[in-house]
Amino acid sequence: MSLTFHWFLPTNGDSRHVVGGGHGTPATAFGRNRPPTVAYLSQIARAAEDLGFVGVLTPTGAWCEDAWLTTAMVSQHTERLKFLVAFRPGFVSPTLAAQMASTFQRQTGGRLLLNVVTGGESHEQRAYGDFLDKDARYRRTGEFLQIVRDLWEGKTVDLSGEYLQVEDARLARVPDPVPEVYFGGSSPIAGEIAARHVDVYLTWGEPPAQVAEKIAWVRGLVAKEGRTVRFGIRLHVITRDTAEQAWTEAHKLLDGFDPDTVKSVQAGLARSESEGQRRMLALHGGNREDLEIHPNLWAGIGLVRGGAGTALVGSHDEVAERIKEYHALGIDEFVLSGYPHLEEAYWFGEGVLPRLAAQGLWQHPFAPTSAPAAQVPFTS
């Protein structure tokens with residue numbers, strides 16, 4: 001089975017520095033270096049498509065542009081690239097969401113993937129008018145996904161749930177193909193929802209031993225439901241011709257972290273109700289020392305950014321080895337990013353993907369026999 005790689009659309013802005021934000025914290029000033037215009041995001045999307053990334057993830061929240069609107073516009077500047085659209089079930093009715101997804105599929109030729117984000121910050125949810133607590137939000141997500149999936153199957157849905165109610169709901173046209181649902185969460189209730197409803201379970205980039213534990217946990221829950229899921233991981237990457245060059249870039253990013261900004265971001269993230277965010281914070285503890293928490297796994301990004309806070313750092317060969325290490329645990333999909341996103345897409349796409357292709361672990365999804373990335377490039 002060929003590994004699947006996705007890239008990231010920085011709808012919160014891009015920079016040669018780390019652009020912070022997420023999980024209830026605002027985007028940092030560096031996000032204004034390269035504003036998230038449709039033109040710039042389309043440039044990243046086209047590069048990702050050419051290099052062999054299957055899709056691009058967009059974030060969701062008050063700190064970035066709206067994912068649905070932005071990807072709809074960017075999709076018109078690409079041909080085959082899929083869009084892993086992050087959205088929060090509590091902000092839109094399930095029938096409308098099912099209809100939006102169906103429309104997106106028809107207008108893009110089936111290029112929608114859905115990343116369901118329940119929301120781990122009550123203060124941010126309340127800003128959108130959602131006053132449920134965390135566990136209730138997850139239970140509502142379960143009802144939401146049940147309604148959406150039934151509608152996508154062409155059923156007429158009547159449901160009077162604990163949180164959602166629809167009557168005589170149906171779609172005039174069902175999506176073809178049905179979008180796959182991606183989902184992440186580390187709390188017990190999140191695992192239950194994943195086991196019942198999702199296609200791909202996503203984890204943030206924890207050390208392999210922790211990832212292995214999480215995979216085993218989810219697999220056990222899924223087996224009780226009589227289902228199967230695939231597994232993906234969300235990571236940043238800093239990959240260069242040599243390890244020394246890659247770590248120089250990582251240290252350059254670290255040098256740009258203003259101590260006051262780190263303190264402010266860490267204080268904001270400490271409020272998070274997200275178990276996944278708590279696990280990310282525990283990897284570095286707000287400390288700038290000892291950030292390589294596993295060979296080539298660097299926790300520095302999490303000092304100024306919420307959500308995914310680790311990066312694979314090293315030579316192209318080293319990063320390829322770490323990807324193989326995660327794959328051996330059961331990870332088949334990798335959702336990657338790097339600063340700036342345009343340049344880092346090329347470093348990874350021209351440096352790491354050819355090495356994986358040479359080992360039979362990856363092939364270009366759009367041009368498997370003729371893509372330039374199928375050849376190992378010259379390195380200095």
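Which fully enclosed strands (runs of 3 or more DSSP E) of segment 163-232 have 1 or more residues being in contact with a Gly (Cβ under 8 Å, 6 or more places away or on another chain) and at pLDDT 95 or above?
So the answer is 181-184, 200-204.
Go through the residues of segment 28-50 one by one and say whether even a single one is part of a strand (DSSP E or B), in contact (Cβ under 8 Å) with a residue 24 or more places away in the chain and either among the β-branched types (Val, Ile, Thr) or buried (at least 24 other Cβ atoms within 10 Å of the Cβ) (or both).
Taking every residue of segment 28-50 in turn, none turns out to be part of a strand (DSSP E or B), in contact (Cβ under 8 Å) with a residue 24 or more places away in the chain and either among the β-branched types (Val, Ile, Thr) or buried (at least 24 other Cβ atoms within 10 Å of the Cβ) (or both).
Within segment 350-360, how many residues turn out to be surrounded by fewer than 24 Cβ atoms within 10 Å (Cβ to Cβ) and part of a helix (DSSP H, G or I)?
Residues flagged as surrounded by fewer than 24 Cβ atoms within 10 Å (Cβ to Cβ) and part of a helix (DSSP H, G or I) within segment 350-360 amount to 7.
Scan segment 1-22 and report the pairs whose first residue is free of Cβ contacts under 8 Å to residues at least 60 places away in the same chain and whose second residue is among the acidic types (Asp, Glu), with Cβ atoms within less than 7 Å and a gap of 6+ or a chain change.
Thr11/Glu65
Give segment 105-119 a look and list any residue that's of a type in the set (Val, Ile, Thr) and over 16 Å from the mean Cα position of the chain (by Cα), or say none.
Thr108
Consider Leu113 carefully, then state whether it is within 23 Å of Leu84 (Cβ to Cβ), buried (at least 17 other Cβ atoms within 10 Å of the Cβ) and in contact (Cβ under 8 Å) with a residue 60 or more places away in the chain.
In short, yes.
When you look at Thr95, is it touching a strand residue (DSSP E or B) at 6+ places or on another chain (Cβ under 8 Å) and in a loop (DSSP other than H, G, I, E, B), yes or no?
Taking the combined requirement at face value, the residue does not satisfy it.
Would you mind stating whether Trp347 is surrounded by 23 or more Cβ atoms within 10 Å (Cβ to Cβ) and aromatic (Phe, Trp, Tyr)?
Considered against the rule, which asks whether it is surrounded by 23 or more Cβ atoms within 10 Å (Cβ to Cβ) and aromatic (Phe, Trp, Tyr), Trp347 comes out as no.
The values are calculated or read from the model by the stated rules, or taken from the named source; none is laboratory data. The structure displayed is predicted, hence computed values, not measured ones. Ideal geometry is used to build each Cβ from the backbone, glycine not excepted, and the neighbour counts take in all protein chains shown.
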